[in-house]
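S.K.: Below you will find the structure I want to go over with you.
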Amino acid sequence: MALSLAPAPAGAQEELRIGTASLGGAFYPVGQGIANLVSAHAEGISMVPVVTQGAVENPRLVANGETELGITNANLLFLATKGEAPYPDALELSPLGALHPSILHMVTLDGSSIDDFADLKGKRVAVGPAGGGTLSFLQRLLEVYGMSTDDITPSFLSYADGFSQLADGNVDAAFA
């Protein structure tokens, strides 16, 4: 989708939507900050952050015009433009720039039997919200270790809920 930044008629406001993620994810506050800056400093444009399912969904939302912008991970943008899983068809998208590096964190409790990634096999794992970017990273790492999500018991939870479930002993590890 092309975006024209031609001056709007006097007094007119063009409203743009930016796809973020769930309220507990990292992309929502980043999107809120971007929206605030655009609204405050781009004459004739206001921006609204939209709560979405996250990094996997945002390329689809932009491609089908539901949002004008969306925050995603570089690996997901690449897959989306190539039409590779989880995207059945190539999406016509253009990146605007990088925001920050994404690092996958695995957290366990002190005294856990999980000492490295391979120890996740057979464990209960909070993998982040369905549709979020964490699951995409995790699936790639599982492949590197000869595993798939069938080798773990995934719990699709917000990051905060995943860490609460870890603290309560309901999962053995949590990712963010």
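The values are calculated or read from the model by the stated rules, or taken from the named source; none is laboratory data. Being a predicted model, the structure only gives us computed values, none of them experimental. No Cβ is skipped: glycine too gets one built from the backbone with ideal geometry, and neighbour counts run over all protein chains shown. The protein model used for the area step is the full one, side chains on, heavy atoms only, and it has no ligands, DNA or RNA in it. Shrake-Rupley method; radii C 1.70, N 1.55, O 1.52, S 1.80 Å.
S.K.: Report residue 172's accessible area, 1.4 Å probe, all protein chains in place, as a number in Å² to the nearest 10.
M.R.: Near enough 40 Å² of accessible area.
S.K.: What does the extension gain come out to for residue 141 and residue 94, with contour length at 0.36 nm per residue minus their alpha carbon separation?
M.R.: Working: separation 47, 0.36 × 47 = 16.92 nm, distance 2.65 nm.
Computed gain between residue 141 and residue 94 is 14.3 nm.
S.K.: What value, in deg cm²/dmol to 500, does the helix sum -39500 (n - 2.57) over DSSP H runs of n ≥ 4 give at 222 nm once divided by the residues of the chain? Walk me through the numbers before you get to the answer.
M.R.: Details: 5 runs with 52 residues, N = 176.
After summing the helix terms and dividing by residue count, I get -9000 deg cm²/dmol.
S.K.: Given the Cα-Cα distance of residue 36 and residue 103 and 0.36 nm per residue of separation, how much length would full extension add, in nm?
M.R.: Working: separation 67, 0.36 × 67 = 24.12 nm, distance 2.53 nm.
The span from residue 36 to residue 103 would gain 21.6 nm if fully extended.
S.K.: Quick one: what are the phi-derived ³J(HN,Hα) couplings along the range 45-56, Karplus 6.51/-1.76/1.60 with θ = phi - 60°, whole Hz, x for glycine and proline?
M.R.: 10, 10, 10, 10, x, 10, 5, 10, 7, x, 4, 6
S.K.: In terms of solvent-accessible area of protein heavy atoms at a 1.4 angstrom probe, what is the ranking of 115, 161, 168, 151, highest value first? Intermediate results must be reported in sequence, preceding the final value.
M.R.: Numbers: 115 130, 161 80, 168 110, 151 45 Å².
Ranked from most to least accessible, the order is 115, 168, 161, 151.
S.K.: Give the long-range amide H neighbours of residue 155: residues separated by 5 or more places, or on another chain, with amide H under 5 Å away, using H modelled in the peptide plane at 1.01 Å from N.
M.R.: Here the answer is 125, 126, 127, since their amide H atoms fall under 5 Å of that of residue 155.
S.K.: Can I ask one more? If I model a spin label at residue 156 and residue 115 as a point 7 Å from the Cα along the Cα→Cβ vector, what separation in nanometres do I get?
M.R.: It is 3.4 nm.
S.K.: Same structure again: Counting other Cβ atoms within 10 Å, keep those with at most 14, restrict to DSSP loop, and tell me which GluC sites (Glu not before Pro) in the range 80-160 are left.
M.R.: Working: sites: 84, 92, 143; in loops: 84, 92.
Answer by residue number: 84, 92.
S.K.: Where in the chain are the DSSP H helices whose alpha-carbon span along the long axis reaches 15 Å or more and whose Kyte-Doolittle mean is at least -1.0?
M.R.: On the way: long enough: 27-41 (21 Å, 0.56); 133-144 (17 Å, 0.73).
What comes out of the filter, once short or polar helices are dropped, is 27-41, 133-144.
S.K.: Right, something else. Positive end of the dipole of the range 57-125, charges at C-beta (+1 Lys, Arg; -1 Asp, Glu), about the Cα centre: which of 83, 97, 72 has its Cα farthest in that direction?
M.R.: Going by the Cα projections, it comes out as 83.
S.K.: Under 5 Å between amide H atoms, partner at least 5 residues away or on a different chain: which partners does residue 48 have, H built in plane at 1.01 Å?
M.R.: For residue 48, the qualifying residues are 16, 17, 18.
S.K.: With the crude spin-label approximation of a point 7 Å out along Cα→Cβ, what separation in nm comes out for residue 82 versus residue 167?
M.R.: Spacing of the two 7 Å Cα→Cβ label points: 4.0 nm.
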